[in-house]
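S.K.: A single structure is presented below for examination.
Where a number appears in this text, it was derived from the coordinates with a stated rule and is not lab data. Note that the structure is predicted; figures quoted are calculated from it, not measured. Glycine also receives a Cβ, built like all others from the backbone with ideal geometry; neighbour counts cover every protein chain displayed.
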Amino acid sequence: MTKYKNLSRIESARLRDWDYSTPWWYYVTINTRDHVQYFGCITRGKMEMNELGKIVEAEWIKTKTLRSNIDLDYSVIMPNHIHGIIRLNAVETRRGESLHYDVTS
């Protein structure tokens, strides 16, 4: 395992030969630092979001309005992380053009 600034970290889960600007579905997980449960708690098997969890949910949904080249699929907020699927539909070229791809099939 390599270290960054003398701190432990995991190796990248990215595929070495994959171009992540390729329009496709991407599964994303975002964890809180030190896995602190900022977003709520699990009670009787159900996630109960607190105010911060509701903000995270609103910001996730807001992502679509901020970035016209993506669609959001399923997501779930847990006490210390969020899982979501983002579909990248278009890629901006260096000249500012958008390349659109049909990734629905």
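S.K.: Quick one: which residues, 5+ away or cross-chain, put their amide H under 5 Å from the amide H of TRP24? H built at 1.01 Å from N.
M.R.: The answer is LEU88.
S.K.: List the residues whose amide H sits under 5 Å from the amide H of MET78, counting only those 5 or more places along or on another chain, with H placed 1.01 Å from N in the peptide plane.
M.R.: HIS83
S.K.: Mind giving me the FRET efficiency for THR29 and THR65? R0 is 25 Å, r the Cβ-Cβ distance, nearest 0.05 is fine.
M.R.: 0.65
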